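Colleague: Just passing along the structure, written as structure tokens.
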Amino acid sequence: MEDLSLHILDIAENSINAGATKIVIRIAEDPGSDNYSLSVEDNGHGMDGGVLLKAEDPFFTYDGDKNKSKSKKQKKRFGLGIPLLKQAATECGGEFRLDSEPGKGTTLFASFRFGHIDRKPLGNIGATMLSMMCGHPEIRYVLFYDINGGPASGSSFHYGFDSDALKEALGETPVNLPEILLMVRDAINTAVMEGRDQTKTAIKSHNRV
Amino acid sequence: MQRLTIDDLKKIKERYEATFTLRHGNHRARVIIHMGTCGISAGARTVMSALVEALAENDVKDVIVTASGCAGFCSKEPMATVEITGQAPVKYCQLDAVKIKRIFTEHIMGGDAVQEYALVMGSENSY
Ligand SMILES: Nc1ncnc2c1ncn2[C@@H]1O[C@H](COP(=O)(O)OP(=O)(O)OP(=O)(O)O)[C@@H](O)[C@H]1O
Ligand SMILES: [Mg+2]
């Protein structure tokens, strides 16, 4: 996985597979405390203790009731998404947590040392939102993007996006029309760039944000 | 640089309301992009963005683009299944932005499957 926004897309796909109707993504860049964190919270069917323990294991995929008889699909497939992100976080001096409650939902948290040489850049988070809204437009997506510039910059930046607010503004017009999806992508990426300009974090981290 | 404004949304709404087709299900085609971990790490997001760009550039509103999980051919990702209404579905593999745009022009709009990129013809139940 090349960048963090691809990991986010991948983790959100788990939420979608778990039947979530709302997915909240939080991204926080905090170069002053050398921290980069992200979380994905959903209201899907969650995991019980056994699945939760194994979810961090590579080569585990649980297909639930879809495959009562351990079909060939379940044997062949293995889950890589969560282990890949966990590895990326721990390799960068960060933390990884997976919390879940059956019937309530799941929250995944991953952090990285902001300045760690192997910390992946965020990448095209706008395209991640486009992909999710295109693939599953019925779901509510909320994105929070925060930058704490730290003492060197003295400023912070907060951005929020809520697909339900957009849907309300659109009325009858579907949110997954191509030109709307492209606008969402570009608006989010523009906001990220503006935030970095304002807080000067791009310069500070040698454009590795 | 683009900013999402209420004015922009109004314009899109007006144009959409004048031409809507998708709402009543009479769409030209459905394209399913495979979005498992394997697909995403191989470039599925770029493929989806490129297809959405092609639709917007050509003002095509009667093609549904959606996402599904891993198709079980992880080494052949990124993959997409194109279902033209009334025809057998075609699964395409090892896609990128250029290939999906060609599929858009030749298959989705032109009606001729791009054999070079096709994996299986007409076996919609293998995923
Ligand atoms: N948000 C979630 N809600 C409920 N269950 C989840 C959630 N995320 C993961 N799981 C469970 O953990 C398993 C492992 O997830 P992981 O992303 O690592 O692999 P996968 O989604 O099965 O396959 P892959 O990501 O490789 O396509 C999933 O199969 C699912 O059973
Ligand atoms: Mg997964």
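Since every read-out is calculated from the coordinates, none of them should be taken as a lab result. Bear in mind that the values here come from a model prediction, so they are computed numbers and not experimental data. Cβ: placed from backbone, ideal geometry, glycine included. Neighbour counts: every protein chain shown.
Colleague: Please say if the range A:4-204 is rounded, prolate or oblate, where rounded means a/c under 1.5 for a ≥ b ≥ c the square roots of the C-alpha gyration tensor eigenvalues, and otherwise the choice is prolate for a/b larger than b/c and oblate otherwise?
Modeller: Oblate.
Colleague: Sticking with this structure for a sec: Under 4.7 Å Cβ to Cβ, no partner at all: give me those cysteines from the protein assembly as shown, in residue order.
Modeller: A:Cys92, A:Cys134, B:Cys70, B:Cys93
Colleague: Something else now. Starting from the Cα gyration tensor of the protein assembly as shown, take the square roots of the eigenvalues, sort them a ≥ b ≥ c, and report rounded, prolate or oblate (rounded when a/c is under 1.5, otherwise prolate if a/b is larger than b/c, else oblate).
Modeller: Because a/c hits 1.5 or more and a/b fails to exceed b/c, the protein assembly as shown counts as oblate.
Colleague: Once you've got the Cα coordinates, tell me which of A:Lys120/B:Lys76; A:Lys22/B:Lys76; A:Lys167/B:Lys61; A:Lys167/B:Lys13; A:Lys22/A:Lys86 are over 20 Å apart.
Modeller: Exceeds cut-off: A:Lys120/B:Lys76; A:Lys22/B:Lys76; A:Lys22/A:Lys86.
Colleague: Mind checking A:134-141 for the average number of partner chain beta-carbons within 10 Å of each residue's beta-carbon?
Modeller: 3
Colleague: Shifting gears a bit: Name the residue farthest towards the positive end of the dipole of the protein assembly as shown from the options A:Gly49, A:Val142, B:Thr66, assuming +1 on Cβ of Lys and Arg, -1 on Cβ of Asp and Glu, about the Cα centre.
Modeller: A:Gly49
Colleague: Just A:Gly115, A:Gly46, A:Gly154 to compare: in a GNM of chain A, with alpha carbon springs under 10 Å, which one fluctuates most?
Modeller: Of A:Gly115, A:Gly46, A:Gly154, the most mobile in the Gaussian network model is A:Gly154.
Colleague: Could you work out the helix-only [θ] at 222 nm for chain A, with each DSSP H run of four or more residues adding -39,500 (n - 2.57) and the total divided by the number of residues, to the nearest 500 deg cm²/dmol?
Modeller: It comes out at -12000 deg cm²/dmol, rounded to the nearest 500.
Colleague: What does the structure give for B:105-114 when I average, per residue, the other chain Cβ atoms found within 10 Å of the residue Cβ?
Modeller: 0
Colleague: Another question, if that's okay. Picking from A:Val24, A:Ala187, B:Ile103, whose Cα lies most toward the positive end of the charge dipole for the protein assembly as shown (charges on Cβ: Lys, Arg +1; Asp, Glu -1)?
Modeller: The residue sitting farthest along the positive end of the dipole is B:Ile103.
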